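The values are calculated or read from the model by the stated rules, or taken from the named source; none is laboratory data. Bear in mind the structure is a predicted one, so any value in this text is a computation, not a measurement. Cβ coordinates were reconstructed from backbone atoms using ideal geometry, including for glycine residues, and neighbour counts include every protein chain displayed. Ligands, DNA and RNA are excluded from the accessible area calculation, which covers all protein heavy atoms including side chains. Shrake-Rupley method; radii C 1.70, N 1.55, O 1.52, S 1.80 Å.
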Amino acid sequence: AFLGIAAVGMTFVIISGGIDLSVGAVIGFTTVLVAVLIMWLQLHPLIAFAIALIVATAFGAIMGAAIHYLKVPSFIVTLAGMFLARGGASVLSPDSIGIEHPFFTAVQKSYILLPGGGRLTVVGIIMLVVFAAAILLAHRTRFGSNVYALGGSETSAALMGVPVARTTISIYALSGFLAGLAGVVFSLYTSAGYS
């Protein structure tokens, strides 16, 4: 599920004509951040998840701003972002941090029974919700149209009135958010944070 969620964010980036190499590092950073907030600072997991998602989204938005305003290729900016996120995770904790919290246990044991005896876990439900939201966002909103226009040609998109700066920053913020969400889901799956 965490790979599917991260792939949705990457899909928007690739459609826009960019690349985001930092996704895997952001997933790792998010798992470590969640583990540190829960185990060391004793925060409730939902608060830790919210903080981690805000940090990941801001990280993506900053990379998007650097790509647009500094006119640096997305490959270079996100490569630097990858090293920054990976380094940040290693600074927080070079070792794996196990997460022991009743909320994690409850989420891991929760599921919906499907016809035929199958089970749909909370993590699977999150992935399906992300897929549905992404389909709607890509095909039924102005933002989705702007992403496709930007992928065709940035110059043509600007001439058509697409807000290129806002769209670029939003695309990378969305990718950061979904990488962070993938990290949250991965921490739920493994009950650990590992850089």
Among (1) closer than 15 Å to Val164 by Cα; (2) in contact with a Leu (Cβ under 6 Å, 6 or more places away or on another chain), the one test that Met82 misses
(1)
Filtering the stretch 30-42 down to residues that are open to solvent by less than 50 Å² (accessible area, probe 1.4 Å) and either in a loop (DSSP other than H, G, I, E, B) or aliphatic (A, V, I, L, M) (or both) yields Val32, Leu33, Val34, Ala35, Val36, Leu37, Ile38
Residue that is farthest from Val34 (Cα to Cα), among those in the stretch 52-65 that are surrounded by fewer than 20 Cβ atoms within 10 Å (Cβ to Cβ) and over 13 Å from the mean Cα position of the chain (by Cα)
Ala65
Which residue out of Leu150, Leu120 is among the aliphatic types (A, V, I, L, M), outside any helix (DSSP H, G or I) and on the phi < 0 side of the Ramachandran plot?
Leu120
Report, by residue number, each residue of the stretch 1-54 that is under 19 Å from Tyr189 (Cβ atoms), in contact with a helix residue (DSSP H, G or I) (Cβ under 6 Å, 6 or more places away or on another chain) and either hydroxyl-bearing (Ser, Thr, Tyr) or without any contact (Cβ under 8 Å) to a residue 60 or more places away in the chain (or both).
Thr30, Thr31, Leu37, Pro45, Ala48
The listed residue being closer than 27 Å to Ser145 by Cβ and open to solvent by 10 Å² or more (accessible area, probe 1.4 Å), out of Ile112, Ile15, Ile76, Ile27:
Ile15
